[in-house]
Amino acid sequence: MSKLPPRDEMVDGQGHLRPHWRGVLAGLADGVAGNFGEAARRMDRVFAEGVTSLLPGEVPAAGQASWRCDPVPLVLPAQEFEHLATGLAQRARLMETLLADLYGPQRLVAEGLVPPALVFANPSFLRPCRKADGRPHHPFLHCYAADLLRAPDGRWHVVADRTSRAGGIGHALENRRMLARALPGLFRGHQLRPLRPFFELWQDALQHLAPQRRAPGGDGPAVALLTPGVHHRLWFEHVLLARELSCALVEPGDLSVRNGGVFLKTLKGLQPVHVLLRRVPGRGLDPLELDGGGMGVPGLLDAARHGTVKIVNEPGSGLAEAPGLATFLPTLARRLLGEDLLLPQPDTRWPAGPEVLEDLPGWVLRPATGAHGRSLAAAALDLAA
């Protein structure tokens, strides 16, 4: 835990403005500052009336938005951004290699590098998805995200890995659009890293994931985004992603498995689906093989197993999100990648030893195999303490 004072992003410890903030402040001072308060209020109204209206599962209190964008952006210099990108790419490779072993030969468990309780007692470990026959596996991860926190010492820490349904890119895109609309002069003269190329690459990658067993002479591969439905709290992002990726937005009840293939039920009949970008929990994909509480598409896992549809990310990929695994990731990075982790993480102990039990107020307690959830705020306070 750090005893340093909170870090000021804009001003350094000597009271001087950080160089990469000068252009943004110049933009605020050059005709924008006079309307800044009104622009901020306008952004709040847009999110409260526009975005929230598409989130029926989240009903905020009167005058409050369930999704808010700060009108002052967080500015990162190019070198710092590249360090983050390299560190996150390394972490994604680690998660991919870890999942390949835990759903395959399980050598890490046999060697004692991963405790069996973090695997077999984890609700996110889906036994029907295990590939124990030694056949080459398809990549588990095609999209990875992480929750980041800057500690008072200035270093970025990874406080959570998102390997199941990596989200947030839709929020980032909409935030960028809203900010450019409310404060059009803020980014003039600045070279922003564009988001559009990411969506183009993602769309192309999804097309290439389609199985090769499609009927010859047919149309291109059909991609669909599988959402839990309109009452999900991230319904708006699902709508946005389906639009940006030019794919159909479907619910489990819209799909049917016939003769080993997955089809979308439409007024024109059954239309084949080759790639599913899922926003449904892995355990809720197929009620025939998983305990999804009646959700899902019967026979979906069998269709994926026989190569007629590709599910992104793989249904069992949520196993790598277990908070208890953070204790072992530095060792696993050296074992699997031959590298040290580039991005640090909060000090994690599993199981809790005497030093934790003797100083409980100084630690955050959370389920070892459960979701991260509200623990992120506690972890932030822990690092800033």
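Filter region 358-384 down to residues that are open to solvent by 80 Å² or more (accessible area, probe 1.4 Å) and at pLDDT below 75 and give me whichever is nearest to the chain's Cα centre (by Cα).
Only one residue tops the list, namely Ala371.
Testing Pro354 on (1) modelled with pLDDT of 75 or more; (2) open to solvent by less than 50 Å² (accessible area, probe 1.4 Å); (3) not aromatic (Phe, Trp, Tyr), one condition comes back false. Which one is that?
It is condition (2) that Pro354 fails.
Which one is modelled with the highest pLDDT among residues in region 134-190 that are closer than 29 Å to Asp8 by Cα and of a type in the set (Val, Ile, Thr)?
Result: Val158.
Looking at region 312-327, I want the residues that are in contact (Cβ under 8 Å) with a residue 40 or more places away in the chain and more than 9 Å from Asp161 (Cα to Cα) and have a partner that is in a helix (DSSP H, G or I) and among the hydroxyl-bearing types (Ser, Thr, Tyr) with Cβ atoms under 9 Å, at least 6 apart or on another chain. Which pairs are those?
none
Within region 97-116, how many residues turn out to be open to solvent by 40 Å² or more (accessible area, probe 1.4 Å) and either farther than 18 Å from Gly324 by Cβ or in contact with a helix residue (DSSP H, G or I) (Cβ under 8 Å, 6 or more places away or on another chain) (or both)?
Result for region 97-116: 6.
I need the full set of residues from region 254-277 which are assigned to a strand (DSSP E or B) and farther than 14 Å from Ile311 by Cβ, in order please.
Ser256, Arg258, Phe263, Leu264, Lys265, Thr266, Gly269, Leu270, Gln271, Pro272, listed by residue number.
The values are calculated or read from the model by the stated rules, or taken from the named source; none is laboratory data. Everything numeric here is computed off the predicted structure, so don't read it as measured data. No Cβ is skipped: glycine too gets one built from the backbone with ideal geometry, and neighbour counts run over all protein chains shown. We work out accessible area using only protein heavy atoms, side chains counted, and drop any ligands, DNA or RNA first. Shrake-Rupley method; radii C 1.70, N 1.55, O 1.52, S 1.80 Å.
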